[in-house]
1. Before we move on, is Asn234 over 22 Å from the mean Cα position of the chain (by Cα) and within 30 Å of Pro33 (Cα to Cα)?
2. Looking at Ala136, is it in a loop (DSSP other than H, G, I, E, B) and either modelled with pLDDT under 90 or more than 39 Å from the chain's Cα centre (by Cα) (or both)?
3. If you take the residues in the stretch 117-132 that are open to solvent by less than 80 Å² (accessible area, probe 1.4 Å) and at pLDDT below 90, which one is nearest to Phe18 (Cα to Cα)?
4. Would you check which residues across the stretch 74-90 are of a type outside the set (S, T, N, Q) and touching a His at 6+ places or on another chain (Cβ under 8 Å) and list them?
5. Could you look through the stretch 79-104, keep only residues that are of a type in the set (Val, Ile, Thr) and buried (at least 19 other Cβ atoms within 10 Å of the Cβ), and pick out the one that is nearest to the chain's Cα centre (by Cα)?
6. Looking only at the stretch 357-366, filter to residues that are in contact with a strand residue (DSSP E or B) (Cβ under 9 Å, 6 or more places away or on another chain) and free of Cβ contacts under 8 Å to residues at least 12 places away in the same chain; which one of those is most open to solvent (accessible area, probe 1.4 Å)?
7. Quick check: is even one residue across the stretch 448-463 modelled with pLDDT under 80, closer than 28 Å to Cys503 by Cβ and charged (D, E, K, R)?
8. Could you please find all residues in the stretch 54-65 being open to solvent by 60 Å² or more (accessible area, probe 1.4 Å) and either within 17 Å of Val19 (Cα to Cα) or among the acidic types (Asp, Glu) (or both)?
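The values are calculated or read from the model by the stated rules, or taken from the named source; none is laboratory data. Please read these numbers as outputs of a predicted model, since none were measured by experiment. Counting neighbours? That spans all protein chains shown, and the Cβs are built from the backbone with ideal geometry, glycine included. Just so you know, the surface numbers come from the protein's heavy atoms only, side chains and all, with ligands and any DNA or RNA stripped out. Shrake-Rupley method; radii C 1.70, N 1.55, O 1.52, S 1.80 Å.
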Amino acid sequence: MSFSITNKLFPSNHKTVFVLDHTPYFGISCESPIELEFLKARTPGFIPMTPICKSLWTSSVESAIEYCRIVWDLFPQGKLVRFIASDTVAHILNTWSPSQQNLSHVMNAMSLIGVPPPHAVNRNLEYTVLHGLRAAIEALSDYTDIQVKKNQNQTFGDVQTKLINRCRVICITSARDNDSMKRLEEIFLSVLQQQNKVAAGSDRLLTIDHCHLVIINTFPVNIESQVNNHPPKNLSTILTTEVHSIKAPLISNKLSTLILEHYNLASTTVTGIPMKEEQNASSSANYDVEIYHSSCAHTAILKGNALDSAAIRTIKDGLEYETVTLKWCTPRGCSGSELQNCTGMFRITPVDVNSRPSLCLINFLLNGRSVMLEMPRKAGGKITSHLLASHGGEIFIHTLCTARSVLEDPPSISEGCGGRVTDYRITDFGLLIKQNTLVPIKAGFVDEGNRPIQKMKTRLNRHAKYWPLTISSTLIFNLKGYIDPLPSIITKEKITEDEVIQCRRIIINLMSLEKKNESLYSLNAGQRVKGQKREDQYKAMWNELETLLKKNLHTADHMSIYNCLLECHKFNFEEEKLSDKVELDEALRELDRIGPSKSDSDVPRASVIRATTDSPMSPPPLTSINPPLAKSASSRSGGIYSAPRTLLDIFTSQEKVKSRPEFCGRITGGAVAKLYANNKYADSGSRGESMEVE
């Protein structure tokens, strides 16, 4: 039987034993003062309180109890936890009986044994955690009710199996150094092997097939521990151990990380929850609430778009695990009793159960309301991915179906997934399948050093390094009359000298088309090209061609083709992004002011309009704009297209062109100029008389 099936049928988290160190050392303070908030203002005669600190025992018990609360909230049945406190003897606080698997029973037992003694009362007795570890191994050999039922019926389907006893021990103690911790692990293994020998000869005991020992070495804040952490390692086929050395106030954080691994849980942070303030009910603020649930609730969204899943996954502050952030969606009168198209339903529990935001959210859900959770997308927009609702007094998270329903007819390949994509490259995909079709081969011709399946994987990976799925997302694959056979040649493992020359001719031919300013073809509106402008077409074509060649640099011949592209077409995208932005109206106004004439300025002005409106980024520098006509360079020796010059140079060097005709009095060199020379009458007469002007 495989490990995965064994782990599902007989999980190690079915039986967990907490061994808490109850020796005098755990009665000392952890040296982490508790912050107290005083409602009344401090008067001048206010006497500050003595700092209050938890003991190591209190920190251990609180963390272990919180661990159990989460387990029993999410798994009302099937996950059993026992507590054993160890000082001079082992104090067994509960059994495997379901009636004792609750927080009330455990807390009452904790109050009976009390806090650790401040010092050794009887020096003849040995205070050690080993008493508790021995009792834990004996407890793991006892049958639980579920194991008794499985032992009576050992047939699962058509597979005849034996009962496998897999379990876990979490020990919170304190050791001096690494040698002491190593001896503790060796003693635990020795006792485990002895207990298995006893259980093998008894009908009432169960052999321990595998045990996972987790040791948490804790110490006060002001002390540096000499014990190092080590990840899980196998001391034997039946024992795996790991050590975590942490300060006492951080035990709860470590157990929060471990519980996600032990029970296959995940964390979700519900953000943007609107809650009314206690002091001012008319105002509200947004809060975040973190919940735990089965990791299967996130399977659908984490297996989707990688960019979308990466955007919602973040490391929890101060902790070691990831949390998925989903946004609160305002409820629209939808109750939990209404049917939803969901693919899974799992119990949830709040992480900070005593916080006000958690209480408000839980009460809101228990009152019969439901909450939709939205997942933002990287490309924009959002999708409703989960639903929080209460059923029978228990709260569940529902994974909503974000794809087409299985009850609907499957879409045709031309329609696309969900009917949203309709321009798949179906013909090209069929050609790709034919080029990579597998055929059987005789075993005698198989080279073990270079198996055909590995060759085929390498070939398929080479062909699919750049392969757009839709027609609108590519340009060069739609220009087969200009590009072919370059895409098929560049994906080959080796290319000949003739093929290199052929690819270079294709690149040079594209350059000549761009110089002639010929339109490639009428494009469909897509994501990569804006509109039908020729400059847009060529810019998108060069960018995509550069991407294709860059992803296929397999040999020196492939590199020579890529270098040919770089030599023929100078890629200067970074400089365009860093260049200063010029406002369109301001640029046109200045060009009108410095232009040589009305008739000649029309051509360069149109060129500048294209340069400043094609790209959402900064327009290209003026020095990189080629003159649209061949006569421009010769007729404008001092124009803006002649040499690399700045705007300041242009303004200071250009002569201002007079837009109005000069006054005739200035032209005659100081002679008397006749006013109103075009008037036919010498005397203008009265104001009411008409005046004819040529």
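1. Details: over 22 Å from the mean Cα position of the chain (by Cα): yes; within 30 Å of Pro33 (Cα to Cα): no.
No.
2. Details: in a loop (DSSP other than H, G, I, E, B): no; either modelled with pLDDT under 90 or more than 39 Å from the chain's Cα centre (by Cα) (or both): yes.
So Ala136 fails the test.
3. Tyr127
4. In the first step, residues of the stretch 74-90 are kept if they are of a type outside the set (S, T, N, Q); the result is 74-76, 78-85, 87, 89-90.
Answer for the stretch 74-90, where residues must be of a type outside the set (S, T, N, Q) and touching a His at 6+ places or on another chain (Cβ under 8 Å): Leu74, Gly78, Lys79, Leu80, Ile84, Ala85, Asp87, Val89, Ala90.
5. Let us first name the residues in the stretch 79-104 that are of a type in the set (Val, Ile, Thr), namely 81, 84, 88-89, 92, 95.
Then drop every residue that is not buried (at least 19 other Cβ atoms within 10 Å of the Cβ), which leaves 81, 84.
Details: Val81: 34, Ile84: 41 Å.
Going through the qualifying residues, I end up with Val81.
6. Ranking the qualifying residues of the stretch 357-366, first place goes to Leu359.
7. So far as the stretch 448-463 goes, no, none of its residues is modelled with pLDDT under 80, closer than 28 Å to Cys503 by Cβ and charged (D, E, K, R).
8. If we filter the stretch 54-65 for residues that are open to solvent by 60 Å² or more (accessible area, probe 1.4 Å), which is where we start, we get 54, 62.
Scanning the stretch 54-65 gives a single hit, Glu62.
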